[in-house]
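Peer 1: To start, I am sharing the structure in question, which I have written as structure tokens.
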Amino acid sequence: MTKTDENLKSAFAGESQANRKYLAFAQKAEKEGFTQAAKLFRAAAEAETIHALNHLGIRDEIESTLENLDAALGGETFEFTKMYPEYLEVAKQEGNKQALWSFDVANKVEQVHANLFQKAIDALKAKKELEKVDYYVCGTCGNTVEGEPPEKCPICGAPQEKFFKPS
Ligand SMILES: [Fe+2]
Ligand SMILES: [Fe+2]
């Protein structure tokens, strides 16, 4: 990897984080009644996404959809088999209950994502069309379900109204 490749990778990570951070800042600004500051954060967040995607596009990490599904499955599997179990252990030792909750629900949802990606991979490999279903995401824990939102989130217990359908 050249130095510029490393820089692209690091800039992609930074811009991606700035995007999510600015969206969180916008929510806070909205709550505090600073509508214009919220607008500015959302505009800057969009711009950071464009930068992130520009950086990512140069590094040839976006392959065919089948390869991308495989990469996604690999990432999710790493998270729920290695990364989160280790993070959970440390959070337990340190008695950080909020981090425990956050790591725990993410850990469970990554397993759900891995299953969904695996299902899509199997269908593509069998040269089948992916089943046309809607996906719903739990606004509390990120649980991702096919078809209809459950009455209660099986991962975090949030009520059905917390689920939304991504466009
Ligand atoms: Fe995931
Ligand atoms: Fe949930």
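Peer 1: Of all residues in the range 6-26, count the ones that are of a type in the set (F, W, Y) and closer than 20 Å to D60 by Cβ. Before you say what the answer is, go through the steps one by one.
Peer 2: Here is the first cut: in the range 6-26, the ones of a type in the set (F, W, Y) are 12, 22, 25.
Imposing the further condition that a residue be closer than 20 Å to D60 by Cβ reduces the set to 12.
Number satisfying all stated conditions: 1.
Peer 1: Of all residues being farther than 18 Å from G74 by Cβ and aliphatic (A, V, I, L, M) in the range 124-167, which is farthest from the chain's Cα centre (by Cα)? Just the residue, please.
Peer 2: Residues of the range 124-167 that are farther than 18 Å from G74 by Cβ, as a first pass: 126-143, 145-167.
Now narrow it down to the ones that are aliphatic (A, V, I, L, M): 126, 130, 133, 137, 145, 155, 158.
Details: A126: 27, L130: 21, V133: 20, V137: 11, V145: 14, I155: 16, A158: 19 Å.
Ranking the candidates gives A126 first.
Peer 1: What are the residues in the range 92-117 that are within 15 Å of E79 (Cα to Cα) and not hydrophobic (A, V, I, L, M, F, W, C), if any?
Peer 2: S102, D104, N107, K108, E110, Q111, H113, N115
Peer 1: Give just the number: which of (1) closer than 22 Å to A13 by Cα; (2) modelled with pLDDT of 95 or more; (3) in a helix (DSSP H, G or I) does N115 not satisfy?
Peer 2: All conditions are met except number (1).
Peer 1: Being away from ligand 1 (no atom under 16 Å from the Cβ) and either touching a residue at least 60 places away in the same chain (Cβ under 8 Å) or closer than 21 Å to Q111 by Cβ (or both) is the filter here, so list the residues in the range 137-153 that pass it.
Peer 2: G147, E148, P149, P150, K152 - these are the residues of the range 137-153 that are away from ligand 1 (no atom under 16 Å from the Cβ) and either touching a residue at least 60 places away in the same chain (Cβ under 8 Å) or closer than 21 Å to Q111 by Cβ (or both).
Peer 1: For the range 154-167, give me each residue that is in contact (Cβ under 8 Å) with a residue 24 or more places away in the chain and over 7 Å from C141 (Cβ atoms).
Peer 2: Passing the criteria: K162, F163, F164, K165, P166.
Peer 1: Continuing with the same structure: When you scan the range 127-142, how many residues do you find that are buried (at least 17 other Cβ atoms within 10 Å of the Cβ) and near ligand 2 (Cβ under 8 Å from one of its atoms)?
Peer 2: Step one: of the range 127-142, the residues buried (at least 17 other Cβ atoms within 10 Å of the Cβ) are 136-138, 141-142.
Remaining after also requiring near ligand 2 (Cβ under 8 Å from one of its atoms): 138, 141-142.
Total meeting the criteria: 3.
Peer 1: A follow-up question, please. Which residues, counting only those in the range 2-37, are exposed (fewer than 12 other Cβ atoms within 10 Å of the Cβ) and more than 23 Å from the chain's Cα centre (by Cα)?
Peer 2: T2, K3, T4, K31, E32, G33, T35, Q36
Peer 1: A further question follows. Within the range 122-136, is even one residue in a loop (DSSP other than H, G, I, E, B), within 16 Å of ligand 1 (Cβ to nearest atom) and touching a Phe, Trp or Tyr at 6+ places or on another chain (Cβ under 8 Å)?
Peer 2: Looking through the range 122-136, none of the residues is in a loop (DSSP other than H, G, I, E, B), within 16 Å of ligand 1 (Cβ to nearest atom) and touching a Phe, Trp or Tyr at 6+ places or on another chain (Cβ under 8 Å).
The values are calculated or read from the model by the stated rules, or taken from the named source; none is laboratory data. Since the model is a prediction, treat every value here as computed from it, not as a measurement. A quick note on method: Cβ atoms are made from the backbone with ideal geometry, for glycine too, and the neighbour counts reach across all protein chains shown.
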